[in-house]
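Notes follow once the structure below has been shown.
The values are calculated or read from the model by the stated rules, or taken from the named source; none is laboratory data. If you're wondering where the values come from, they're calculated on a predicted model, not measured in any experiment. All Cβ positions, glycine included, derive from the backbone under ideal geometry; neighbour counts span all protein chains shown. Side chains included, ligands, DNA and RNA excluded: accessible areas come from the protein's heavy atoms. Shrake-Rupley method; radii C 1.70, N 1.55, O 1.52, S 1.80 Å.
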Amino acid sequence: MELPKYNILVVDDEIPNLEALERTFRGEFRVFTARSGQEAIKLMEREEFALILTDQRMPGITGVELLGISLKYFPNAIRMILTSYSDTDELLEAINTGQVYRYILKPWNARELRITVKRALETYHLSRELERRMQELSLLYDISSSLNATRELDELLRFTTAKISKVLEAENTSIILADKDELYLPIVTGNDDNPARSSQGYRFSINSGICGWVIREGKGLLVSNVPEDSRYHPQIDNIGVS
């Protein structure tokens, strides 16, 4: 399975171990490292992590304590811990309460650890995908119910864009209708905090703008700087942008 380049956090107070772990995952994932629990918490406050791998015995915050703290930041993240044989008994409660997905005994095998982490992230990825699909199904159901409840196009589009913005966590969302030759901009809205604005039913050629390109090609497009894109059309591609 091809995975996105997820962020993983590796925590160990011993620099050689930290460097070896970073090398193990380098290139396949975005690896962040920390030499203490306190340093790891600061990273958690700035970045989002799909997996956290930590040593158990560290000065100050132990690995189990750190993974417990991480629950409030990333409840769905995968949590793993590196430990020696003598520490296994104290990890059982953490495993049973869901704080730890699995523990890795020292000394670890780099190849086996890489496989273990990849399989864990495949599980995480599938869980995220399932959650996204459930949100999409819920969105389609809500839109379908709205279709049966209203005959006003403006009201329907306002409802639909608000729902889409919520699911996608987008600042603004636009609906552009298209037929064979034209783009039609019937209404614009952002989200529940940004009231709808009418676009007065503007019509453009299907060959116009970034939106026109997406519709003609039939695939999504991520543009980091919209006004600088060669396909940019200010009357189409600025719709919904604040």
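Would you please list the contacts, defined by Cβ atoms under 7 Å and residues six or more apart or on different chains, that run from a residue in the range 222-235 that is at negative phi and modelled with pLDDT of 80 or more to a residue that is small (Gly, Ala, Ser) and open to solvent by less than 80 Å² (accessible area, probe 1.4 Å)?
Note: pairs meeting the criteria are Arg231/Gly209; Tyr232/Gly209; His233/Ser208; His233/Gly209.
Is it the case that Ser205 is of a type in the set (S, T, N, Q), at pLDDT 75 or above, open to solvent by 50 Å² or more (accessible area, probe 1.4 Å) and touching a strand residue (DSSP E or B) at 6+ places or on another chain (Cβ under 8 Å)?
yes
Mind checking which residues of the range 145-184 are outside any helix (DSSP H, G or I), open to solvent by less than 50 Å² (accessible area, probe 1.4 Å) and modelled with pLDDT of 65 or more?
Once the filter is applied, which keeps residues that are outside any helix (DSSP H, G or I), open to solvent by less than 50 Å² (accessible area, probe 1.4 Å) and modelled with pLDDT of 65 or more, the range 145-184 yields Ala170, Asn172, Thr173, Ser174, Ile175, Ile176, Leu183.
Can Ala34 be described as more than 24 Å from Ser127 (Cα to Cα), open to solvent by less than 30 Å² (accessible area, probe 1.4 Å) and under 23 Å from the mean Cα position of the chain (by Cα)?
yes
Return the only residue of Ile69, Ile104 being under 22 Å from Asn17 (Cβ atoms), modelled with pLDDT of 90 or more and outside any loop (DSSP other than H, G, I, E, B).
Ile69 is the lone residue from the list that is under 22 Å from Asn17 (Cβ atoms), modelled with pLDDT of 90 or more and outside any loop (DSSP other than H, G, I, E, B).
Confirm whether Ile61 is open to solvent by less than 40 Å² (accessible area, probe 1.4 Å), more than 21 Å from Leu121 (Cβ to Cβ), in a helix (DSSP H, G or I) and not charged (D, E, K, R).
Taking the combined requirement at face value, the residue does not satisfy it.
For the list (1) more than 17 Å from the chain's Cα centre (by Cα); (2) surrounded by fewer than 16 Cβ atoms within 10 Å (Cβ to Cβ); (3) modelled with pLDDT under 75, I need the number of the one condition that Asn109 fails.
Condition (3) is where Asn109 drops out.
Suppose we keep only residues that are open to solvent by 80 Å² or more (accessible area, probe 1.4 Å) and not basic (Lys, Arg) within the range 114-134. Which one would you say is farthest from Arg23 (Cα to Cα)?
Met134
Quick check on my filter: what residues within the range 1-29 are part of a strand (DSSP E or B) and surrounded by fewer than 16 Cβ atoms within 10 Å (Cβ to Cβ)?
Of everything in the range 1-29, just one residue is part of a strand (DSSP E or B) and surrounded by fewer than 16 Cβ atoms within 10 Å (Cβ to Cβ), namely Arg26.
Six or more apart or on different chains, Cβ under 8 Å: which pairs go from a residue in the range 61-76 that's more than 18 Å from Leu92 (Cβ to Cβ) to one that's part of a helix (DSSP H, G or I) and open to solvent by 60 Å² or more (accessible area, probe 1.4 Å)? Could you list them?
The qualifying pairs are Ile61/Gln38; Asn76/Ser127; Asn76/Arg128.
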